[in-house]
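*Asks:* My questions will all concern the structure given below.
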Amino acid sequence: MPNSTAPGVEIGREGATPGPPSEGGGAGPVGRKLGLVLGPALAIGLQLIGVPEGLSVQAWWVVSIMALMLTWWVTEAVPIAATALIPLIALPLTGATEAAEAARPYADPILFLFIGGFMLAAAIERWGLHARIALTVAGAVGARPAALVAGFIAAAGLLSLWISNTATALMLTPIAVAVARAMADNGHKDPRLGVALVLGVAYAASIGGMGTPVGSPTNVIAMGFLTERGVDLSFVQWMMLGLPVVLLLLPVLWFVVTRGLARANAHDVARGWEVLQRAREALGPASRAEARVLIVFVVVASAWILRELVLVRIPGLERLSDMHIAIGGALALFLLPSGDPGRPRLLDWSSAERIPWGIVILFGGGLSVAAAMDSTGLSDWLGVAMQGLQGYEPLLILVALILITLIATEMMSNVATLSAMLPIVAALAAALGINPLLLVFPVTLTASLGFMLPIATAANAIAFATGLPSLRTMLWKGFVLNVAGVAAILAVNALLAETVLGASPG
């Protein structure tokens with residue numbers, strides 16, 4: 001990432017800046033080897049057991065394929081994106097679906113929404129605009145300890161609405177560490193400041209990702225899953241549900257991580273301010289390319305927000321979708337000149353091809369299996385099988401789903417967690433006779449919590465790699481945030497889902 005850190009700033013237990021770790025810790029080398037064998041064994045074993053009554057042979061094959069994929073996703077026996085290619089082979093060969101039907105979800109419009117968002121983020125990072133935004137926000141609140149933490153939390157939360165949580169944490173963590181060290185060198189030797197800064201950045205990056213569909217891969221997976229079930233959730237509708245959760249959690253985060261911070265004197269404050277100023281100066285003056293990328297970003301974001309309210313009412317734009325806006329913005333980046341002779345366009349393909357295409361394949365695989373569940377009758381069969389739960393209060397079932405998701409996402413990839421949970425959630429929604437959004441939305445956001453363990457998210461791993469927060473500190477602060485997160489998600493779901501989607505809470 002160009003110009004993303006102050007000169008000479010390094011983090012890590014051995015003095016090296018860590019690379020972007022994968023989200024979730026997987027199952028380790030032994031677990032991966034076990035999963036490689038266990039996945040096919042489960043798939044074959046299910047076929048040997050025989051088809052349950054009321055279920056078609058094709059649907060039972062889908063169950064076996066799901067067992068294989070979920071085992072490999074959980075253990076990361078092979079790259080999770082490679083596992084997502086299995087439906088292209090397995091579904092047609094087993095007769096569960098035709099080849100064209102299995103492949104169609106890999107080109108679902110929701111995936112191109114995310115591709116467009118990825119390309120917009122790539123342009124922002126290419127020209128260092130994200131660093132300028134972050135430093136401006138972080139420096140706007142002052143350099144006193146509590147205010148500094150608030151500034152870094154606000155910057156991380158704002159950026160992760162639009163770009164990768166991992167990229168946000170990688171960019172801001174070295175600057176946060178440099179500020180803490182500068183103040184310590186000047187006599188403000190409060191180790192809690194560094195802990196508050198790096199945990200504030202890590203946790204705010206995960207929280208901010210909940211606010212928009214492009215903020216986290218899990219959000220797009222959920223939107224695609226809902227679309228397959230006839231629930232169309234627009235960009236602005238997701239923001240109307242996601243942003244309140246973000247706005248509720250960020251102040252709680254600030255309160256949790258700043259407890260016990262010592263006051264700093266004027267010299268300490270000046271030293272911290274100096275580090276931020278040096279980082280801003282290292283960026284140099286804003287370039288024409290940065291300004292033009294910012295304009296494209298503002299236009300795209302505004303179009304997403306105004307599409308349903310204004311744009312679709314304009315003659316000729318009645319069919320405009322969030323995907324059209326995203327791809328239109330991406331094309332504009334390839335077309336518009338940057339003003340830099342060495343890099344003539346705002347975005348080139350060498351930059352665009354570095355976006356995480358594996359995530360796109362992963363989405364396609366999940367949607368392909370979801371479509372096969374519907375076409376083979378598996379979804380209906382699961383709904384009937386779970387009708388015994390109709391006597392239970394939906395809120396209790398939702399809380400149980402959230403707790404299962406929360407525990408799982410602390411130990412494995414949030415994408416794998418959500419992929420495993422969504423079929424269960426959909427079946428429960430059908431059995432209870434309620435709109436699937438009312439279960440899918442809170443479970444999806446819960447998959448982004450995971451604040452307790454370093455392996456839960458890449459942002460957590462980056463914070464822990466600085467050597468500043470102890471595991472004990474992450475455990476108890478993360479626990480408090482997990483509880484607050486669950487409460488915020490349940491409150492927003494109960495208060496706003498009906499208004500946003502016209503969905504009855506059942």
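*Asks:* Hey, among Val246, Val236, which residue is within 22 Å of the chain's Cα centre (by Cα) and at pLDDT 90 or above?
*Replies:* Val246
This table checks each residue for (1) assigned to a helix (DSSP H, G or I); (2) at pLDDT 85 or above; (3) farther than 22 Å from Leu233 by Cα.
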site	(1), (2), (3)
Leu367	yes, no, no
Ala372	yes, yes, no
Gln390	yes, no, yes
Leu398	yes, yes, no
Val415	yes, no, no
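*Asks:* Would you mind stating whether Ala459 is within 16 Å of the chain's Cα centre (by Cα), part of a helix (DSSP H, G or I) and closer than 22 Å to Arg192 by Cα?
*Replies:* yes
One line per residue, one yes/no per condition, for (1) under 28 Å from the mean Cα position of the chain (by Cα); (2) of a type in the set (S, T, N, Q); (3) at pLDDT 85 or above:
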residue: Val231; (1), (2), (3): yes, no, no
residue: Thr258; (1), (2), (3): yes, yes, yes
residue: Ala270; (1), (2), (3): no, no, no
residue: Val275; (1), (2), (3): no, no, no
residue: Asp322; (1), (2), (3): yes, no, no
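*Asks:* Can you tell me which residues in the stretch 340-363 are in a helix (DSSP H, G or I), over 16 Å from Leu226 (Cβ atoms) and either under 23 Å from the mean Cα position of the chain (by Cα) or modelled with pLDDT under 85 (or both)?
*Replies:* Answer for the stretch 340-363, where residues must be in a helix (DSSP H, G or I), over 16 Å from Leu226 (Cβ atoms) and either under 23 Å from the mean Cα position of the chain (by Cα) or modelled with pLDDT under 85 (or both): Ser351, Ala352, Trp357, Gly358, Ile359, Val360, Ile361, Leu362.
*Asks:* Do any helices (runs of 4 or more DSSP H) lying entirely in the stretch 84-139 carry at least 3 residues that are open to solvent by less than 10 Å² (accessible area, probe 1.4 Å), and which ones are they?
*Replies:* Those helices (runs of 4 or more DSSP H) span 109-126.
*Asks:* Something else about it: Given the residues Ile80, Ile44, which is the only one that is open to solvent by 40 Å² or more (accessible area, probe 1.4 Å) and touching a Leu at 6+ places or on another chain (Cβ under 7 Å)?
*Replies:* The conditions single out Ile80.
*Asks:* Can you tell me how many residues in the stretch 51-110 are hydroxyl-bearing (Ser, Thr, Tyr) and under 17 Å from Val415 (Cα atoms)?
*Replies:* 4
*Asks:* Here's something else I'd like to know. Which residue, of Val78, Val74, is over 17 Å from Ser379 (Cα atoms), at pLDDT below 90 and either of a type in the set (Lys, Arg) or not in a helix (DSSP H, G or I) (or both)?
*Replies:* Val78
The values are calculated or read from the model by the stated rules, or taken from the named source; none is laboratory data. This is a predicted model, so every value here is computed, not measured. Please note: Cβ atoms are built from the backbone with ideal geometry, for glycine as well, and neighbour counts cover all protein chains shown. Accessible surface is based on the protein model in full, side chains and every heavy atom, while ligands, DNA and RNA are left aside. Shrake-Rupley method; radii C 1.70, N 1.55, O 1.52, S 1.80 Å.
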